[in-house]
Amino acid sequence: MKHNYNFIPLDFQTKSGLQFLPKILMLLDKNKSMMVDDYTDANYEGLLNFVKSFTPWFIAITKNDEFLGFIYCTDWQGSETQKHSCEISACSEKKYFGSDTRNVLKLFTEYLYNNLGLVKIFARTYKENFNCVKILIDSGFKQEGFLKGSTLRNNELQDQFIFGRLNPIFVKNKSVKDKRDYRIKYNYNKKNRKEV
């Protein structure tokens, strides 16, 4: 059976997609320990403001017309006319975790690459969110960093992983000369994999 995934942006002005708002808020509340930090009000009004702050890029997802979860984009880099990168975060109902979550992530990243021309997409996750780490790795994301004490959660310093993925077209079209020039320009030391 072919699954039909739909991505419905929330729009508080036109009311588009708002039929999913109660389910989004319930899912966000259920998973807030992995989604928000101490700087986000975790009550109803705070979670509603959290959702509103990411529109029009807060998107409800359905599978065969049933609510699956949500995904949102933040931290856009680039200009008004050409976006370069963004951070994504997602959450799904438990019964959809696994292949459905990977499929949704794949479709959404392809949309961002193909329709917005993004070069890079990245994601942050708490170090103990093993399910998220697995989905990101299975979806072609690579760990690029570790942020020690990057935020507070439950009044304790929290560490986060950063995962990133370059647009495959950009990687395929990047010439060997361009890669060599990059290493020369930034004095890149391949053996130590760091700028020197």
As I understand it, the value is the acute angle between the Cα axis of helix 21-30 and the longest principal axis of the Cα atoms of the chain; what does it come to in degrees, rounded to 10? 70 degrees
The chain - charge dipole about Cα centre, Lys and Arg +1 at Cβ, Asp and Glu -1, debye rounded to 20: 1260 debye
Taking placed amide H atoms and a strict 5 Å upper bound, the residues 5 or more places from Gly69 or on another chain that come that close are Ile61, Glu93
If you fit an axis through the alpha-carbon atoms of helix 99-116 and take the longest principal axis of the Cα set of the chain, what angle between them do you get, 0 to 90°, nearest 10? 60 degrees
Reviewing [x] 89, 57, 31; [y] 53, 42, 36; [z] 61, 35, 30, the figure for Cα extents along the principal axes in Å actually calculated from this model sits under [y]
Post the alpha-carbon centroid distance, segment 31-49 to segment 109-153, in whole angstrom. 20 Å
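Hey, what did the chain get for relative contact order, percent, Cα under 8 Å, at least 6 apart?
Values: 283 pairs, mean separation 31.2, N = 196.
Here the relative contact order equals 16 percent.
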Taking the dipole about the Cα centre of the chain, with the C-beta of Lys and Arg at +1 and of Asp and Glu at -1, give me whichever of Ile137, Phe20, Phe161 is farthest to the positive side. Ile137
In order over segment 140-157: 3J(HN,Hα) from phi, Karplus 6.51/-1.76/1.60, θ = phi - 60°, whole Hz, x for each Gly or Pro, gives x, 7, 10, 5, 10, x, 9, 9, 7, x, 6, 7, 10, 9, 6, 6, 10, 4
Using modelled amide H (1.01 Å from N, peptide plane; none on Pro or chain starts), what sits under 5 Å from the amide H of His84, excluding residues fewer than 5 places away? Gln77, Gly78, Ser79
Anything over 28 Å Cα to Cα? Flag those among Lys95/Lys134; Lys30/Lys148; Lys83/Lys142; Lys15/Lys134, in the order listed. Lys15/Lys134
Using the 10 angstrom Cβ neighbour count as an exposure proxy, how do Tyr72, Tyr111 rank, fewest first? Tyr111, Tyr72
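Every number in this text was worked out from the coordinates using simple rules, so none of it is lab data. Because the structure is predicted, anything quoted here is derived from the model rather than measured. Positions of Cβ are generated from backbone atoms using ideal geometry, with glycine treated the same way; all protein chains shown enter the neighbour counts.
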